[in-house]
Amino acid sequence: MTTVQTRPAAPQEAPLPAPSGRRRRRRPKGLGSLPLLFVVSFLILVPAGFVLLAAFSVDIPRPGSINFDLTLQHLAVFIEPGVLRATVNSLIIGVSATLLALLIGGFLAFATARTNIPMRGFVFLIGLMPLFLPSYVGALAWSQLGSPVAGLLNIGMRDLGIDFTVNIYSMFGVVLVMGMFYAPYAFLLMHSSMSLMNPDLEDAAGVHGGSTWQMLRSVTFPLAMPAILGSALLVFTHIFENFPVSQVLATPGQIDTLPTFIYRLMNASPSRGNEAAVMAVVLVIVVLLVTLGQRRILARRSYTTVSGKGLKARRISLGRWRWPLFAIALVYLLLAIVLPLAALILTAVRTSPYMQSFSDLAVPGAIDFGSFGRVLQSDLFLDSAGNSVIVAVVSAAAGTLLAFLVGYTVYRTKAKARGALEGVSMVPLAIPAIVLGMGLLWTWLVMPVPLYGTLAVLMIAFVAVQMPQGLRGIASSIQSTERDLEDNAVLHGARRSRAVLSITVPLMRVGIASTFLMLLMLSMRELTVPLFLYTSDTHILSITIFDQFENGGALQQAAAMSVIYCLIMFVLSYLPRRLGSGGMNP
Amino acid sequence: MRRKLTLAAAATALLVATTACGGGSGQSPASEAARNEVLPMPAQIDTSNGLVIDGEKIADKQLLEEAKKDKVVLYSGSGKESEDLTIARFKAETGIDIELTRMPTNKLSERVLSEHGANQLGAGVVRVTDPLVAEQFAERGVYVPYKPPSYDELKKGDNVVFNDGQYLTAYYSAYAFGYNSAAVQGEDVPKKWADLLDPKWKGKLGVVHAGAGGTVTALAAFQLDAFGEDYVSKLGAQQPRIFDTTSVQLEALARGEITVATLGFNSTYGAEVAGAPLKLVVPEDGISGSFNLMGLTPAGEKSAAAKVFINWTMSQAGQKFAAAQGFVPARPGLEPTPTGEYQLPPADSEQFHLFTPEDAAQRSASTIQSWNQAFHFTG
């Protein structure tokens, strides 16, 4: 197994920002935010700068051949046939799947945080579980389930004599899978916001004679707005630039999306990296505009819901809807977890990939569980699994810390750099991972520090790439946490750092824990960025599985490895849930 | 809460157990196949004075001793299944350690040029499937001249040695078609290229788009040259499922999602050996061939193991193993070696239509464009 690099990831070395905020008379405004801005900019803007340079330079800016001969000719890519169609497809998929994810995530968050749905703990787990199944693995499982000819669902229906064909290689299929596998992000963000909501406002609505529905509409949902908008932005941009799911499900149905189009440009021979970069730059601009719009909407009002007073969010009685709503949650569990995992397990144990009827499985020798044992004993798996866990834990911890520092500076201080800090932090969201991966490769090859080829470079890359997710997670928590308590401590003579550590951080522990959990899962799942950065010594699980599926023709081993991969993610997710046990468990 | 804790403990125990039962044997299925199934091991491997396999000298004593302490670092854009077999066989025949990083040629090229530019290219040997990429590597100095012991033999062939040995053709990839042997049997089995136009295959064909890499561009050029634009249009009208990579297509063929597909010979044969219900066809009206090129890097110049790898690849033993896997040997004058039940034509046969580096330079773009039009494909 590859050893961990002793050098800690860069963000941990970031100096603490000098929190200014209410103490601005005693501290120069925002000076402390400058070093933070430098660190974040270095992590994010240098790779992005390479991408920008690539968009407008004559040659691809590789180490050793960087020049500044600029041109606008790559813009011609926009008049290529197919670009418009791919953009429209991406928008349709992005919007529909985001709505689906918000609907699923919002429903589950509301049901577990605010209602008396049966088995709330279990429903909470249902909302979380798809996190253990990376969207790439989920898409592969669904291609096994729902491909029009040999899909397991279709074989099953033929067996039962039902004349209906599921075709997952369609717009519907892509939206369904994206929506289902991104719903947990919406769920996590909305759950922490809804469970921390101060019941006073709702009580007031009740006291003044409002119905439950009126209360929800005029108090609860508006208060959850930062979380809803935050998750919508997060989920939309994720889906908008998701490459693996589109590649596995949309491409076979001849549906081009922007990421698959960019991927094809990158993989054209010779590579058209310049044009891919041009398209990426436009994406950056679009997403920055969306972020700006979101800030504008949220800036108008205060959404504070957590204060020093004890609180217990009200639970709404569902009455006769309890069990039907529970059944809806079960359907989600079936589609997002049970069926995909069953398909993967079946793929892993079938001796022949070809199957016409489920009765084929009854033939002696048709099933062999040995693939799990072989995978578990292979050096490749053991090395990759070890590397994955190390990289994910370190980068999630460093990422959460950095996100907290940035989030605090942006939302709690008057630092001049805070607008820039937030803008820079959101940039990775807008750059397709496949392009940013290349920028990161160039950056760390050029840097005079020997990090390339080590696990540390993967950690740094993950911290940079996941900065937006970390910041959004922290932001929705920080915005709903009352600042007066911390300020009171400072007024009574505590140092600001002490006040933050002993008051704000504990108040935000749920938000911090869910941010850490989210980054951990994202790191475990991250595929596209490490695709450019991994070397033979730094294989991680996602890459190994991708390689086996995409390049290796080793479907059986890859399916077995995917199942074990999900299991590891499941185990890992317990750590942060223990940390934030107060609020993470409903 | 207690139940959750118990569950967490059980799951952690499982994770620890799975990680602890490690120290795996490292005996992959590939190494088993490389030893026995694909081709029996050479009759004679003599290491008493250097490395001599079946009478041919691969390395002298000093090179072999240095190589044994060293490790080959191979970056390859060639198919993963075949590279796994090749490195396992190399290890078995020479006893030298080898490590593979595999990714599609275009992605690999980006990576290699970037690493090379930063003086951090770790690979000793780089293998690619696109002549244009190899030429670019040569121009940028990624490849350095190296002459293996079989150099004089290799010089006798066309397009085997480039720039006085800066890079070599390791072997040729053959591209034809195949079918799912569980779904297609007897009279239904297609034999000629024209059979793919049979209406019964409408919607059941698979192809990889012509821009996906050197081998598929070569196939498109072969189809255009040999059967004309009309054939390609009609093939497009069959509404085939279009794939981005051969491996994913193979998987769909094995599952029966598609029934017939144009296929790379060696990767399909590898899947067939591994038990997938696939059969290949060597059509009499021609198969398409493309280049598999390799060269030594500046790091490889200092690596004895990398040199032995090139020597072995171009030796009779290495070329024979490539042929047994479904490649066409580049080294001229060798006895034909069958690929299982199939026999591929030699490189100089009329049946073998090679897409030369000149073709690649002059015709790649127009070929891809024609293909895209015929298949209504954007990319």
Looking at the P(r) of the stretch B:153-217, how many percent of alpha-carbon pairs lie beyond 20 Å? 52 percent
Roughly how many whole Å is it from the C-alpha centroid of the stretch A:151-202 to that of the stretch A:94-126? 11 Å
Looking at chain A, which longest stretch skips every one of the trypsin sites (Lys or Arg not before Pro) that is in a DSSP loop with at most 10 other Cβ atoms within 10 Å, leaving the sites themselves out? A:313-586
Tell me what chain B gives for mean residue ellipticity at 222 nm when only DSSP H runs of n ≥ 4 count, each as -39,500 (n - 2.57), the sum divided by the residue total, rounded to 500 deg cm²/dmol. -13000 deg cm²/dmol
Take each uninterrupted DSSP H stretch in chain B, measure its Cα extent along the helix axis, and return the ones at 15 Å or beyond whose mean Kyte-Doolittle hydropathy is at least -0.5. B:2-20, B:214-237, B:304-314
Filter on B:LYS68/B:LYS320; B:LYS68/B:LYS307; B:LYS61/B:LYS307 - keep pairs with C-alpha separation over 19 Å: B:LYS68/B:LYS320
For chain B, restrict the atom set to alpha-carbon positions and state the Rg and Dmax in Å. 22.1, 76
Going down the list B:LYS91/B:LYS147; B:LYS80/B:LYS192; B:LYS107/B:LYS192, which pairs span over 30 Å between their C-alpha atoms? B:LYS107/B:LYS192
Fraction of alpha-carbon pairs over 24 Å apart in the stretch A:382-518 - percent: 39 percent
Output ordering of A:447-455, A:431-439, A:51-59 (per-residue mean of other Cβ within 10 Å, highest first) is A:431-439, A:51-59, A:447-455
Arrange the following residues from fewest to most other Cβ atoms within 10 Å of their Cβ: A:HIS492, B:HIS353. A:HIS492, B:HIS353
Longest segment of chain B with no trypsin sites (Lys or Arg not before Pro) in a DSSP loop having at most 15 other Cβ atoms within 10 Å? B:203-301
Span from the the stretch B:319-379 Cα centroid across to the the stretch B:204-266 one, whole angstrom: 14 Å
Here the FRET efficiency for B:ASP188 versus A:SER497, based on Cβ atoms and R0 = 51 Å and rounded to 0.05, is 0.10
How much length is gained on full extension from B:ALA226 to B:GLN44, taking 0.36 nm per residue of separation minus their Cα-Cα distance? 61.2 nm
Could you tell me the relative contact order of chain A? Use alpha-carbon pairs under 8 Å, at least six residues apart, and round to a whole percent. 24 percent
Per 0.36 nm of contour for each residue apart, how much would the distance between A:GLN356 and A:ARG315 grow if the chain were fully extended, relative to their Cα-Cα spacing? 9.8 nm
Between the DSSP loop rule and a limit of at most 11 other Cβ atoms within 10 Å, which GluC sites (Glu not before Pro) in the stretch B:206-305 are left? B:GLU284
Over chain B, relative contact order from alpha-carbon pairs under 8 Å, at least 6 apart, %: 23 percent
Other chains' Cβ within 10 Å of B:105-117 residues: what's the mean? 6
A student applying the Cα gyration tensor rule (rounded when a/c is under 1.5; otherwise prolate if a/b is larger than b/c, oblate if not) would label the stretch A:20-177 oblate
Defining a contact as two alpha carbons under 8 Å apart and six or more residues distant in sequence, what relative contact order in percent does the stretch B:164-310 show? 44 percent
Provide B:LEU235, A:LEU229 in ascending order of the number of other Cβ atoms located within 10 Å of each residue's Cβ, fewest first. A:LEU229, B:LEU235
Let me confirm one metric for peptide B:208-215, namely the mean number of other chain beta-carbon atoms within 10 Å of its residues' beta-carbons. 2
At 30 Å minimum axial length over the Cα atoms and a Kyte-Doolittle cut of 0.0, report the qualifying DSSP H helices in chain A, or say none. A:33-56, A:83-114, A:171-195, A:273-299, A:379-412
Dividing the convex hull volume of the Cα atoms of chain A by its residue count, what figure in Å³ per residue is obtained? 164 Å³
Let me check I have the definition right: for the stretch B:213-364, take the eigenvalues of the Cα gyration tensor, multiply each by 5, take square roots. What are those semi-axes in whole Å, largest first? 28, 19, 17
Within 10 Å of each Cβ in B:361-372, how many Cβ atoms from other chains are there, averaged over the peptide? 1
How large are Rg and Dmax for the stretch B:183-229 when calculated on the C-alpha trace, in angstrom? 12.4, 34
So, in nm, how far is label A:LEU160 from label A:LEU292 when the simple model puts each one 7 Å beyond its Cα toward the Cβ? 5.2 nm
Okay, helix-only estimate at 222 nm for chain A: each DSSP H run of n ≥ 4 adds -39500 (n - 2.57), divide by all residues, round to 500 deg cm²/dmol; what do you get? -19500 deg cm²/dmol
Go ahead and set up a Gaussian network model of chain B, Cα springs under 10 Å, then flag whichever of B:GLY300, B:GLY206, B:GLY340 fluctuates most. B:GLY340
Computed curve, the stretch B:120-241, Cα-only Debye sum without solvent term, log₁₀ I(q)/I(0) at 0.17 Å⁻¹, is -0.92
Quick one, what does Rg over Rh come out to for the stretch B:55-165 if you take C-alpha atoms and the Kirkwood Rh? 0.96
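Each reported figure results from applying straightforward, stated rules to the coordinates on display, with no laboratory input. Since this is a predicted model, take the numbers as computed values, not measurements. Reconstructed Cβ throughout: ideal geometry from the backbone, glycine too, with neighbour counts over all protein chains shown.
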